[in-house]
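Undergrad: After the structure tokens below, expect a handful of questions from me.
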Amino acid sequence: MKYVPIVARVLLTIAFVMAGGAKLAGAAQMVDVFEAIGLGQWFRYLTGVIEVGGAAMLWYKPTRILGALLLGATMVGAIIAHVLVLGPSTLPAIILGILTVIVIRFERQPAS
């Protein structure tokens, strides 16, 4: 069981560095998605910074829970955006949200 939170952090890091990086780099698909959401491109940059920053925070023990909370909150927003505007593909956001819960759960466990 000791490898479960490490695997979760690795998967979260890969997913959020890639997704956040695409947002920050201005990938055409990300520009279109945030245009459809209607909050402006500044929100794409903010989301990208939160995703990349949250992924980095997962690797520094004092900020691990905060990083997971930020990423989890971002996934709640993604689910809402998909349900209300973008369409029904909420499964990736749900899976990433579950991984953030795993990280938080293992971090809150007392050391044995």
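The values are calculated or read from the model by the stated rules, or taken from the named source; none is laboratory data. Quantities reported herein were computed from a predicted structural model and do not represent experimental measurements. Reconstructed Cβ throughout: ideal geometry from the backbone, glycine too, with neighbour counts over all protein chains shown.
Undergrad: Across region 33-53, what is the total count of residues that are in a helix (DSSP H, G or I) and in contact (Cβ under 8 Å) with a residue 40 or more places away in the chain?
TA: 3
Undergrad: I need the full set of residues from region 42-79 which are of a type in the set (Ser, Thr, Tyr) and buried (at least 18 other Cβ atoms within 10 Å of the Cβ), in order please.
TA: THR47, THR74
Undergrad: Which residue pairs have Cβ atoms under 7 Å apart, sit 6 or more places apart or on different chains, and have a first residue in region 73-97 that is under 15 Å from ILE37 (Cβ atoms) and a second that is part of a helix (DSSP H, G or I) and of a type in the set (Lys, Arg)?
TA: Partner pairs satisfying both residue conditions: none exist.
Undergrad: Please tell me if ARG9 is in a helix (DSSP H, G or I), buried (at least 19 other Cβ atoms within 10 Å of the Cβ), modelled with pLDDT of 95 or more and basic (Lys, Arg).
TA: yes
Undergrad: Still on this model: Going residue by residue through region 30-49, is there one that turns out to be closer than 20 Å to PRO5 by Cα and modelled with pLDDT of 95 or more?
TA: no
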